[in-house]
Amino acid sequence: MQNLPFKGWHKSWAVLPSLFHYPAPPPYIACMTDYKLEAAKAAVGNIKPGQTVGLGAGATIAYLVDMLAADSALAGSLTFASSSFKTAGLLAGRGLNFKSPAYLNHLEVYFDGCDQFDAQLNALKSGGGIHATEKILASMADEFILLGDTSKFSDKLTTKYPLVIEVLPAALQIVLKTLKDEFSPTSLNLRMSSQKDGALISDNGNLLVDIYFNELPPLSELNTRVKMIPGIVEHSLFYRMASKALIAGPDGISVIIPRHAE
């Protein structure tokens with residue numbers, strides 16, 4: 001039996017496997033190199049028997065789960081944890097040994113994607129809204145390895161993607177006011193649900209706010225100042241957390257080490 005965070009989850013996963021899959025590429029790009037697949041292949045080579053492995057979310061991670069499940073000898077020796085409800089479902093659906101992060105304090109390696117990363121492997125992970133749990137797993141890992149393709153790289157992080165904050169509901173208005181006072185001018189957007197009336201609720205029962213900057217403040221300053229605002233649980237900037245990146249592109253796989261580690 002997998003060590004699941006809530007009783008009954010394994011039953012839901014068993015009877016609803018179709019909920020936990022990522023769509024195949026459209027036919028018109030089937031002949032193109034799938035860089036997400038190539039990055040997943042590279043990730044397999046960074047996993048050793050007997051390890052406890054953390055996994056994030058997304059299509060590259062889904063490929064990685066499939067590859068590991070196909071190697072029964074390796075997969076049977078591994079323990080998995082995930083920051084993603086969907087990835088946890090994939091792991092459980094393939095009969096892999098899954099534990100809730102709540103029962104762990106150490107991982108050998110954690111794999112995840114991102115929206116954008118820079119030469120120091122600072123990363124913005126804004127899309128999924130699960131950055132609080134992602135940071136917990138990344139912080140307990142000996143290695144945090146980013147997976148992606150060359151389109152994710154920018155020499156410096158830009159304002160293309162928002163900084164996302166997870167906010168305690170009771171603190172919403174004071175957090176918004178503090179952000180406007182400290183980081184003006186910015187655009188602040190409370191994420192709204194597309195499936196129900198009202199705000200989108202995080203896995204932890206909190207609210208998510210997208211912060212769009214006209215210009216990014218210095219990252220070291222941004223990382224600290226936002227965290228210090230009472231009511232903010234966590235933000236989506238992963239500042240100097242990744243140990244390396246495996247990036248797929250037209251020239252194959254590139255292994256990137258952050259410049260501050262050189």
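Taking 0.36 nm per residue of separation and subtracting the current Cα-Cα distance, fully stretching the chain between Glu221 and Glu182 would add 12.9 nm.
Dividing the summed -39500 (n - 2.57) terms of all DSSP H runs of n ≥ 4 by the residue count of the chain sets its mean residue ellipticity at 222 nm at -8000 deg cm²/dmol. Report note on the peptides 116-127, 240-251: ranked by the mean count of other C-beta atoms within 10 Å, highest first, their order is 116-127, 240-251.
The angle between the Cα long axis of helix 35-44 and the main principal axis of the chain comes to about 70°, on a 0 to 90 degree scale.
Straight-line cross-link partners of Lys160 among the aspartates and glutamates, defined as a Cα under 16 Å from its Cα and at least 8 positions apart when in the same chain: Asp115, Asp118, Asp210, Glu215.
Coordinate-derived values only; no laboratory data. Treat the numbers as computed from the prediction; the structure is a model and nothing was measured. Cβ sites come from the backbone with ideal geometry, for glycine too, and all protein chains shown count toward neighbours.
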